[in-house]
């Protein structure tokens, strides 16, 4: 039997590293959980999600993804629990604790591989907070593999069933607590939504852009300003948060059919066509804008297909095939099309700066101008729905009646 041990040989460097890896897992998990709730339950209208750093290294995609939670419990909680066990195992060592942690480290690293693969190959993005957890988890696994009790694969297959049962019960109890917290946050949304609607009305009024895009994704009236809800969205086809916004607006324009106009204001974050903001995040975004704008009669179909195939749209071959199928190959060399797109983009320079880092107000995507109020980033769907409903009520009543009368009914009444 091997005399190796990661935690039972006194104060050694491997044991210290094991403790450090557990702390790292805990820290990364806490930050991930925090981001999950901030992204899904923003407390104010100023905390919207937007592409302002990098399209690939993007935590919002993970926070909004189907795997961000398990039955209402943020996935980060389980990482936090594992990190606590690794750290405690280094501080209070025992043979059964070490064997159990070794088994859990194997399951954890397999989960890390699965999550990493899902992020890269399905979401086409990677959360830096999650990546921190991945690195510390791999370090922990390597330590158990190189210094843990036992030999070969067998060291990972000998957990203490008694200890494992106790840990499972404690973990499930903590998960139940997180579930309750999540439900409380969800139930509190009604008050937060009302607060966000009020904050929306407190935003300063801005003028519409000098050129409102002729490319609309929803049309209730011929004149843009005549609809109760008027949305001008500055969007990049390759921005993950723009994909989220597109999905939200697809739902909301059905709910508010006949009451909403949405103008698609091209704003690719690529230096090839955008000189308003010094960002070059999304190679190919300008070409997609040119393709969509070339033939107005085909805009909506191309728009929908790009977002429906978001994970493929970065591929030049896919874009070329898209152009051929819709017969818009000329867009990539057509000066008239490209001039129109650039003139739409340039309207972003008409707004006062909202950050000291950038010269103009339109500096990231998505950015919306909703009835002459500028809103940066996405918000939860229920927040946007409430803002839209307030605008409809305002148009009907000639006042902000919605703000005064909207009181959500208690459940069960």
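If you line up the long axis of helix 316-326 against the longest principal axis of the chain, both from Cα atoms, how many degrees apart are they, to the nearest 10? With rounding to tens, the tilt is 40 degrees. Here, the range 13-187 is characterised by an Rg to Rh ratio of 1.00, where Rg is the alpha-carbon radius of gyration and Rh the Kirkwood radius. Result for the chain in a Gaussian network model with C-alpha springs under 10 Å: among 306, 67, 345, the largest mean-square fluctuation is at 67. Across all directions, the average projected area of the convex hull around the alpha carbons of the range 192-405 is 11.6 nm². Put simply, the Cα atoms of the range 145-277 extend 74, 42, 28 Å along their principal axes, the longest span coming first. Over all pairs of different C-alpha atoms, the range 246-358 has a mean inverse distance whose reciprocal, the Kirkwood radius, equals 15.2 Å.
The distance between label points at residue 221 and residue 359 comes to 3.6 nm (points 7 Å beyond Cα on the Cα→Cβ vector). Between the alpha-carbon centres of the range 103-164 and the range 296-362 there is a gap of 41 Å. The ellipsoid that matches the Cα gyration tensor of the chain has semi-axes, each √(5λ) in whole angstrom, of 48, 27, 17, with the longest given first.
Altogether, the Stokes-Einstein calculation at 4 °C and 1.567 mPa s, with the Kirkwood radius of the range 275-316 over Cα pairs as Rh, returns a diffusion coefficient of 116 µm²/s. Between helix 299-308 and the chain there is an angle of about 0 degrees, using the helix long axis and the longest principal axis of the Cα atoms. Going by the alpha-carbon gyration tensor, a ≥ b ≥ c the square roots of its eigenvalues, is the range 74-158 rounded (a/c under 1.5) or, if a/c is not under 1.5, prolate (a/b greater than b/c) versus oblate? Note, shape of the range 74-158 comes out prolate.
Axis angle, to the nearest 10 degrees, between helix 13-40 and the longest C-alpha principal axis of the chain: 30 degrees. Across the chain, the mean sequence separation of Cα contacts (distance under 8 Å, 6 or more residues apart), normalised by length, yields a relative contact order of 20 percent. Rg ratio for the range 238-310: its Cα radius of gyration over 2.2 N^0.38 Å, N being its residue count, equals 1.17.
Each of 360, 303, 282 was scored by other Cβ atoms within 10 Å of its Cβ. Listed from fewest to most, they are 360, 303, 282. Calculated [222 nm] ellipticity per residue, helices only, for the chain: -17000 deg cm²/dmol; basis is -39500 (n - 2.57) per DSSP H run with n ≥ 4, divided by all residues, nearest 500.
Summary value for the range 13-187: 35 percent relative contact order, contacts being C-alpha pairs under 8 angstrom separated by 6+ residues. Taking other C-beta atoms within 10 angstrom as a stand-in for reagent exposure, 203, 384 fall in the order 203, 384, fewest first. Fewest neighbouring Cβ atoms within 10 Å first, the residues 326, 176 line up as 176, 326.
Our summary gives the range 223-380 a relative contact order of 30 percent, counting only alpha carbon pairs under 8 angstrom and 6 or more residues apart.
All of the numbers you see were taken from the coordinates with simple rules; none came from a lab. Please read these numbers as outputs of a predicted model, since none were measured by experiment. All Cβ positions, glycine included, derive from the backbone under ideal geometry; neighbour counts span all protein chains shown.
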